[in-house]
Amino acid sequence: MRELVFWTNKRYGLSHNRKNGLDSYLTLNLESEEEIIAYQVEMLRNNPHATLLTMQVLQIDGNIKLSYRTTGKTTLTEHLRAKPLNKTEYIRFVEKCCQVVVESKKYLLYPGNFILDSDYIFLDANYNISFVYVPLHIEDNSLEKNLNYFLHNLLSEDFMEESYRGDLAYQINHILENNKTKPGEIIKQVTKLKDQDSKDIPEEKPFRLESSTEQIQGKKVPTKWKYIFYCFALQLVFIGVILRIANSFNFAGKLIIVYGSVILFVLLTDLKLIRILSTDKQEK
């Protein structure tokens, strides 16, 4: 098994238990519960994301483990050995994977805590990709090191068509050498390479990454509807609180203050919602 870039101290035992016809899990052993970032665990549990493997924190015989369910999934390593990438597919795949990692900051996650290794990136039967996110306090969790490892990992002879590998390896090494501490620039420069070979881009995408939607009970809920729902719920809660407080007091002009507060709050939240939806639309 290859050594992962930020597991070099070998404090964690990472194992993938796969059983034919039964549930399969990837597990990570911890020395202490204090290593866990509690708010990230709760956030991932309450807001499952389509591109992240489902995770549980387990305590077995006094040992703390992170457990990721991988039932019905294959690793990216297995997929690419059967179907190597050409140059255009390589660039497109890197671009989309990096998009998921960078967007994770919106969910208060750390981009450097993704395991960017083909052995720990998973695909289901429909080629939807899932990543392993590790909600731990990790020393020296460097996104730059992870990107360096990931880009070279995909360039290996097992995953890349030989006719493309030499030229692309030279270009990738040049980009990494000139942008050692700038992960954003590395991603930008790598994705620019696709413009050189736009004629080779296939019509059908080899992988599906759904970073702008979430799967909830088998249905995909667009982000804009979540914002609208949260805004509506917040307005109802505020109105309920104001009316409850107002019933406890009796003074002149009470109705004006109550209705004025409600109208002002509704207007402010609606304006905020419009700005969020507008920003989200521009990003897309």
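A few points about this structure:
- Candidates in segment 156-178 are the residues that are modelled with pLDDT of 85 or more and in contact with a strand residue (DSSP E or B) (Cβ under 9 Å, 6 or more places away or on another chain); of these, the one that is surrounded by the fewest Cβ atoms within 10 Å (Cβ to Cβ) is ALA169.
- Condition broken by GLY112, with the remaining ones in (1) closer than 30 Å to ALA169 by Cα; (2) without any contact (Cβ under 8 Å) to a residue 60 or more places away in the chain; (3) among the small types (Gly, Ala, Ser) satisfied: (2)
- From LEU108, LEU155, LEU136, LEU143, residue being under 17 Å from THR77 (Cα atoms) and not acidic (Asp, Glu): LEU155
Here is a yes/no grid of residues against (1) in a strand (DSSP E or B); (2) touching a strand residue (DSSP E or B) at 6+ places or on another chain (Cβ under 8 Å); (3) of a type in the set (Phe, Trp, Tyr):
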{"site": "GLN59", "(1), (2), (3)": "yes, yes, no"}
{"site": "LYS65", "(1), (2), (3)": "yes, yes, no"}
{"site": "GLY72", "(1), (2), (3)": "no, no, no"}
{"site": "GLU78", "(1), (2), (3)": "no, no, no"}
{"site": "CYS97", "(1), (2), (3)": "no, yes, no"}
{"site": "LYS106", "(1), (2), (3)": "no, no, no"}
{"site": "GLY112", "(1), (2), (3)": "no, no, no"}
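- When segment 54-111 is filtered for residues that are touching a Pro at 6+ places or on another chain (Cβ under 7 Å) and of a type in the set (Gly, Ala, Ser), only SER104 remains.
- Evaluation of PRO84 against (1) modelled with pLDDT of 90 or more; (2) open to solvent by 40 Å² or more (accessible area, probe 1.4 Å) (one fails), failing number: (1)
Every residue, every condition in (1) open to solvent by 40 Å² or more (accessible area, probe 1.4 Å); (2) acidic (Asp, Glu); (3) within 25 Å of GLN99 (Cα to Cα), yes or no:
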position	(1), (2), (3)
LEU22	yes, no, no
LEU26	no, no, yes
LEU30	no, no, no
VAL41	no, no, yes
HIS49	no, no, yes
LEU53	no, no, yes
LEU58	yes, no, no
GLY62	yes, no, no
GLY72	yes, no, yes
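- Among residues of segment 24-56 being in a strand (DSSP E or B) and under 19 Å from LEU108 (Cα atoms), the one that is nearest to the chain's Cα centre (by Cα) is LEU52.
- Segment 101-131, residues that are β-branched (Val, Ile, Thr) and open to solvent by 10 Å² or more (accessible area, probe 1.4 Å): VAL102
The values are calculated or read from the model by the stated rules, or taken from the named source; none is laboratory data. Not measured: the values here are computed from a predicted model. Quick reminder, even Gly has a Cβ in these numbers, built from the backbone with ideal geometry, and neighbours come from all protein chains shown. The accessibility values were calculated without ligands, DNA or RNA, using every heavy atom of the protein model including side chains. Shrake-Rupley method; radii C 1.70, N 1.55, O 1.52, S 1.80 Å.
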